[in-house]
Amino acid sequence: MKHLFISMVLLLLLVGCKEPINNSKKASVHIPQKSEVGVLVMPKEIAPVTAPFPTIAFKRPDFPTDTIVVDLKTDGINTKIIQHAIDTQSAKGGGIVVISKGQWFTGRIALKDNINLHFLEGATLSFSGEIEDYLPVVFTRTEGVEVMSLGACIYANGVDNIAITGKGRLIGPAEGSIREKIVVSVNIDEVIDPKTPVKDRIIDGTTTPYVFPPMFISAINSTKVFIEDVSLENTAFWNIVPIYCDNVIIRGVSINSVNMPRGDGIDIESSKNVLIEYCNLSTGDDCFTMKAGRGIDGMRVNKSTENIVVRYCLAENGHGGITCGSETAGIIKNLYVHDCVFINSGVGIRFKTRRPRGGGGENLTYERIRMDLKNDALKWDMLGSTNWVGKLAERLPARAVNELTPHYKNIKIKDLIIENAKNFIKVRSIPESPLENVVIENIEVNCKNFMNIHDMNNAVFKNINITSEDSLLTFLDSKNIRLLNVNSTNATHLDIQGSMSDSIFVESSLNIKDTIFRKNEGK
C-alpha cells in the first residue's frame, strides 16, 4: 500500500484503567420473540406510552355513531359512490362509512373531517391501475419533494379526525397505465426544479411521459389520523405515508409488498406525535421508515419528523427493519423503537442520508430488539451512490459544510439479540460531518464480520459479546472511541487508519492479536 506506517493515533490498551470495568453478567432484559409481537397479539386498548422524550396521550378517536353502509356495485367502479357517502357523512358532522363484505373496485377516494372508513371482515377493496381514476392531480409529497400528482389510493388533505379501520383487505393498483408509466430510475432531483412553484410541478402521466405512482394511504396536513386492523397488498409505491400530520396512530396493520420496487411499508414524513404498534410488515423496500424532506425543497418546507414511537412490531423481508432517511432535510428527532423483531431483512437498524439532503437525525433510541438478518445489523450510509448524487458520494475530498450538509448524532442502541448478520456494524459517514455521540451497549451478536467504521466521533461500545468468523476491527478517521467489556470469540485484529484517528480506548477483555496503524487517504 502506498501509505503505510504509524500515524499519530493514540491507542490505549488499558488493563488497569482509571474507570473500573464491570465484568459481571448484565441484568437480564427480556428481548421479545416473534410470537410476542405483531398483529396476532395486539390488545384492544392502547397502553400508555413511555418514551425518553415527552409524548402526547395517544387515544382511540371518537366519531359520531351515525352510520352509512355504502351501496356498492359489483360490476363497475365505485369511486363516486364511496366518495358521495364520505362527503355526505362529513357534511352532517361525521360518522362511520362502512364497506361491506364482498369484492369491490374503486379509484382514488378522499377522506373528510370526522370520517371513520370501516371495512367489515370479508370486504376486499381493489384499486384501479388507470391514471384517469386518480385525476385531477392533488397536492402531495413524493420522495421528499412537493408535487402535484396522483396522491394516494386513500387520500386526505387538511382534515381532522379520520380513521381507516376493520378487517378489510385492500389491494393496490392493478396492471394498467400507472404501472406502465412508472420509471424506477427517475431521479426526482433532476425532474423537479426547486425554483418552480409547487402548483406548477404537475406530474399527471398524461402530459408527462412518466408518473409518480400513488401511495396506498396518505394524509397530508391533517390531525388525528387513526389506522387499525386493515391489510394492504400490491402497492404501486410506499404504503402508509402520513405527511405533515400531527397525532397519528397506526396499529394492527398488515402489509405485504414483497417484490414491489420502492414498496416501503410505513413511512413517516415530516409528521409528529406518531405511535406505530403491533404491525406486521413484509415489504419490497424498507419496512418502517422515518423521512423529513429532501434537499433544497425539504429545507424550504423545514418540517421535522419528531416524537415517534414504534413498539411491538414485526418486520420481515424488507431492505431495512427500521430506517431513518435518506430524506432528512427537516431533521428526524425523538424516535423511540422498542420491543420489535426483524426477521430476514437486509439491514436491521439503518441510517441513511446524502451530502445534498440536508438536516439529519438526532435523539434516536432503540432497545429490546431481536434480529435475524441477511446483511448488516447496524448500518450508517451517509454518502450514498454516484448514481444519485454523482461525485458527492465519494468520501474524499471533504467538502465545506453548508446548509445541505446532514448530520446524525445522539443515538442510543441497547439490549439487542442479533441471531445472524453478515456485518455487525458498518459506518460510512461524511468526513466533514462525522457520526457523533453514539452509545451501543448490551448486545449479543452472531455475525460474519465485526466492525468497520469510517468517520465517527465520540462513541461508546459497552457489554458486547460477539461470535464472528472474521474479527477485524477497523476505524478510519475516528476519534474518542471507547470499547468497554467487548468480548469476541476470536483474537481481534485492530486496524486504525487515517490521520484524524485519535483517542481510541480499548478497555475490555478483547484479545488484541495485532494492531496496524495506517496514515493514509482513507478513500
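The values are calculated or read from the model by the stated rules, or taken from the named source; none is laboratory data. All figures in this text were calculated on a predicted structure; none of them were measured in a lab. Cβ: placed from backbone, ideal geometry, glycine included. Neighbour counts: every protein chain shown.
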(request) Name the residue, out of 87, 113, that is free of Cβ contacts under 8 Å to residues at least 40 places away in the same chain and among the charged types (D, E, K, R). (result) 87
(message) For region 386-401, check the following and say yes or no: at least one residue is among the aliphatic types (A, V, I, L, M), assigned to a loop (DSSP other than H, G, I, E, B), assigned by TED's automatic domain parsing to the domain that holds residue 327 and buried (at least 18 other Cβ atoms within 10 Å of the Cβ).
(response) no
(request) Could you figure out which of (1) in a strand (DSSP E or B); (2) without any contact (Cβ under 8 Å) to a residue 60 or more places away in the chain isn't true of residue 365? (result) (2)
(message) Any residue at all in region 148-158 that's touching an Asp or Glu at 6+ places or on another chain (Cβ under 6 Å) and more than 16 Å from residue 172 (Cβ to Cβ)?
(response) no
(message) Looking at region 420-443, can you tell me whether even one residue there is acidic (Asp, Glu), over 21 Å from residue 363 (Cα atoms) and surrounded by fewer than 20 Cβ atoms within 10 Å (Cβ to Cβ)?
(response) no
(request) Only residues that are crowded, with 21+ Cβ neighbours inside 10 Å and within 19 Å of residue 270 (Cα to Cα): list them for region 162-194, please. (result) 162
(request) Taking the options 453, 417, name whichever one is buried (at least 20 other Cβ atoms within 10 Å of the Cβ), of a type outside the set (Ser, Thr, Tyr) and assigned to a strand (DSSP E or B). (result) 453
(message) Quick check on this structure: which one of 119, 139, 127, 105 is touching a Cys at 6+ places or on another chain (Cβ under 6 Å) and in contact (Cβ under 8 Å) with a residue 12 or more places away in the chain?
(response) 127
(request) Determine, yes or no, whether residue 95 is assigned by TED's automatic domain parsing to the domain that holds residue 156 and under 16 Å from residue 161 (Cβ atoms). (result) yes
(request) Determine which member of the set 347, 438 is without any contact (Cβ under 8 Å) to a residue 40 or more places away in the chain, closer than 24 Å to residue 307 by Cα and in contact with a Lys or Arg (Cβ under 7 Å, 6 or more places away or on another chain). (result) 347
(request) Kindly indicate whether residue 488 is of a type in the set (Gly, Ala, Ser) and without any contact (Cβ under 8 Å) to a residue 60 or more places away in the chain. (result) yes
(message) Quick check on residue 514: is it touching a strand residue (DSSP E or B) at 6+ places or on another chain (Cβ under 7 Å) and part of a strand (DSSP E or B)?
(response) yes
(request) Check whether at least one residue in region 474-483 is in contact with a Lys or Arg (Cβ under 7 Å, 6 or more places away or on another chain), more than 30 Å from residue 30 (Cα to Cα), assigned by TED's automatic domain parsing to the domain that holds residue 416 and not small (Gly, Ala, Ser), and report yes or no. (result) no
(request) Check off (1) under 20 Å from residue 225 (Cα atoms); (2) without any contact (Cβ under 8 Å) to a residue 24 or more places away in the chain; (3) surrounded by 13 or more Cβ atoms within 10 Å (Cβ to Cβ) for residue 58 and give me the number that stays unchecked. (result) (2)
(message) Against the definition (within 20 Å of residue 439 (Cβ to Cβ) and at pLDDT 95 or above), how does residue 334 come out, yes or no?
(response) yes
(message) Within region 53-123, considering only strands (runs of 3 or more DSSP E) that don't extend past its boundaries, which have at least 1 residues that are more than 22 Å from residue 218 (Cβ to Cβ)?
(response) 67-69, 95-99, 102-106
(message) Test of understanding: among 290, 371, which residue is assigned by TED's automatic domain parsing to the domain that holds residue 432 and either farther than 30 Å from residue 60 by Cα or part of a loop (DSSP other than H, G, I, E, B) (or both)?
(response) 371
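Yes or no, residue by residue, for (1) β-branched (Val, Ile, Thr); (2) under 30 Å from residue 356 (Cβ atoms):
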residue: 127; (1), (2): no, no
residue: 130; (1), (2): no, no
residue: 165; (1), (2): yes, no
residue: 168; (1), (2): no, no
residue: 204; (1), (2): no, yes
(request) Please go through region 468-498 and pick out each residue that is more than 18 Å from residue 427 (Cα to Cα) and in a loop (DSSP other than H, G, I, E, B). (result) 469, 489, 490, 491
(message) Being within 30 Å of residue 55 (Cα to Cα) and either modelled with pLDDT of 95 or more or crowded, with 20+ Cβ neighbours inside 10 Å (or both) narrows it down to one residue among 211, 248, 258; which is it?
(response) 248
(request) Could you pull out the residue among 499, 471, 488, 503 that is surrounded by fewer than 17 Cβ atoms within 10 Å (Cβ to Cβ), assigned by TED's automatic domain parsing to the domain that holds residue 373, among the small types (Gly, Ala, Ser) and over 20 Å from residue 411 (Cβ atoms)? (result) 499
(request) Considering every residue within region 119-126, establish whether at least one is at pLDDT 95 or above and closer than 26 Å to residue 297 by Cβ. (result) no
(request) Working only within region 261-283, note down all residues that are surrounded by fewer than 24 Cβ atoms within 10 Å (Cβ to Cβ), in contact with a strand residue (DSSP E or B) (Cβ under 7 Å, 6 or more places away or on another chain) and not in a strand (DSSP E or B). (result) 278
